[in-house]
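Each remark here refers to the structure printed beneath this line.
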Amino acid sequence: MSRKRILITGAAGFLGSHLCDRFIAEDFEVLAMDNLITGDLKNIEHLFKLSQFSFYEHDVSDFVHVSGKLDYILHFASPASPIDYLKIPIQTLKVGSLGTHHLLGLAKDKNARILVASTSEVYGDPHVHPQTEEYWGNVNPVGPRGVYDEAKRFQEAITMAYHTYHNVETRIIRIFNTYGPRMRLNDGRVLPAFIGQALRGEDLTIFGDGSQTRSFCYVDDLVEGIFRLLHSDYSSPVNIGNPDEITIKDFAEEIIKLTRTNQKVIYKPLPKDDPTQRQPDITLARKLLGWEPKVSRSKGLKITYEYFKSLPQENWYKKEHNDFERYIKK
Ligand code: UDP
């Protein structure tokens, strides 16, 4: 029997590269696509020697062509950190909207099943806590996060429309904060920001008073959830994340303990529309997929810290500002 063929977009990114590894391990033929705007070929270079792996440098916001059969598509191409949305807002909007349209068209043409990566950002600054899939969210369309949040909300809408009107087999995952090896040390997100600061001997920058919460999921748990959702028959959105919630202030303390540094924390202004709380309700994923996270934060953080520490030291200093002020157009 011939191998199943899967197209993974955003393949050179943090999540995309882990998905490539997983589907290669499951004996799929993996077609990896990325325009390398935020991805890095280093994340997948170990796969280039495999005959079941191929890479296409392409921006899915332009028409996507793939020859031969396709069984599955995973659409994971998108900038995904708040700093990235500020730096490349139009690309962020285009990949979530035009990119998704192209991939849905491809799925229809090839009779392939498509799973699109949505996000807890569709809930905005949520008034329902923890967030269930039924909650419609509280999003500012014209704020700095609007370019990501609204693109992802449009993505969900067009994905459901292709399901309803064209009978395309679709799956929608809402991903909550995820971390692990291959995150970009300079992407501005809180975990790489804190670990990078600890490695460089700088103070850790807490935005606001640090009372805002997040719930961090280790990447292997997320990948398992994606694998199960893809193989389920459920087409409405499903939350995948780790419900273990923590304030950003306590998180900074955990990083200081983990890195055994004596850094202080310093406070900076809270970026506009920064959600005050976030925690996934994963009742649905538990019931539908028999899935729940297995990796504790202490274990996951240890692995991730070892990864960042093992990078060449010059990478620690390839620093971009995590300073929002710098990118906000006045
Ligand atoms: N944050 C922080 N210091 C940093 C970077 C981020 O205190 O150097 C905060 C940020 O304001 C937010 C939380 O950490 O409240 C998580 O931010 P991140 O950018 O990782 O992702 P988000 O969950 O906001 O999309």
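No lab work stands behind these numbers, since they all come straight from the coordinates. What you see is a predicted model; the values in this text were computed from it and never measured. Heads up, the Cβs are rebuilt from the backbone with ideal geometry, glycines too, and the neighbour counts pull from every protein chain shown.
Rounded to the nearest 10 degrees, the angle from helix 219-230 to the longest Cα principal axis of the chain is 30 degrees. Karplus-based coupling profile of the range 282-293, in residue order and whole Hz: 10, 3, 5, 4, 4, 6, 6, 10, x, 9, 7, x, with θ = phi - 60° in 6.51 cos²θ - 1.76 cosθ + 1.60 and x standing for Gly or Pro.
Relative to its residue count, the chain spans a Cα convex hull of 128 Å³ per residue. Dividing the convex hull volume of the alpha carbon atoms of the range 186-265 by its residue count gives 114 Å³ per residue. In this structure the amide hydrogen of His58, modeled in the peptide plane, comes within under 5 Å of the amide hydrogens of Asp34, Asn35, none closer than 5 places in sequence on its chain.
Where only DSSP H runs of four or more residues are counted, the chain gives -11000 deg cm²/dmol as its mean residue ellipticity at 222 nm, each run worth -39500 (n - 2.57). Using only alpha carbons, the range 207-330 has a radius of gyration to Kirkwood radius ratio (Rg to Rh) of 1.02. Which percent, to the nearest 5, of DSSP beta bridges fully inside the chain are antiparallel? The answer is about 10 percent antiparallel.
Once you sort the root eigenvalues of the Cα gyration tensor of the range 177-227 as a ≥ b ≥ c, which label holds: rounded (a/c under 1.5), prolate (a/b larger than b/c) or oblate (the other case)? The shape class here is oblate. The range 115-189 and the range 14-63 have their alpha-carbon centroids 22 Å apart. Consider all pairwise Cα distances in the range 152-210 and report the whole-number % of them above 16 Å. Counting every Cα pair in the range 152-210, those more than 16 Å apart make up 62 percent. Rounded to the nearest whole Hz, the Karplus-based 3J(HN,Hα) values (6.51 cos²θ - 1.76 cosθ + 1.60, θ = phi - 60°) of the range 203-210 follow the sequence 6, 8, 8, 9, 8, x, 8, x, with x at glycine and proline.
When the chain is treated as a GNM, springs tying every alpha-carbon pair under 10 Å, which of Gly68, Gly188, Gly146 comes out with the largest mean-square fluctuation? It is Gly68. If only the Cβ of Lys and Arg carry +1 and only the Cβ of Asp and Glu carry -1, the dipole of the range 36-129 around its Cα centre is close to 300 debye. Note on the range 219-271: percent of Cα-Cα distances in each 5 Å bin, starting at 0 and stopping at the bin with the largest distance, equals 4, 14, 16, 14, 13, 12, 11, 9, 5, 2. The modelled label-to-label distance for the pair Thr283/Glu202, using points 7 Å beyond Cα in the direction of Cβ, is 4.3 nm. When the GluC sites (Glu not before Pro) in the range 1-74 are filtered for DSSP coil states and for at most 16 other beta-carbon atoms within 10 Å of their beta-carbon, the remaining sites are Glu26. Straight Cα distances below 24 angstrom link Lys302 to the lysines Lys42, Lys249, Lys257, Lys264, Lys294, Lys318, Lys319, with same-chain residues fewer than 8 positions distant left out. Ratio of Rg to Rh for the range 26-150: 1.01 [Cα atoms; Kirkwood radius as inverse mean 1/r over pairs].
P(r) tail for the range 267-315: Cα pairs beyond 18 Å make up 64% of the total. The residue among His102, Leu230, Gly208 whose Cα reaches farthest toward the positive pole of the charge dipole of the chain, with charges on the beta-carbon of Lys, Arg, Asp and Glu, is Gly208. Placing +1 on the Cβ of every Lys and Arg and -1 on the Cβ of every Asp and Glu, with nothing else charged, gives the chain a dipole about its Cα centre of roughly 360 debye. Of the residues Tyr123, Ala112, Phe53, the one whose Cα sits farthest towards the positive end of the charge dipole of the range 43-129 is Ala112 (charges of +1 on Lys and Arg Cβ, -1 on Asp and Glu Cβ, taken about the Cα centre).
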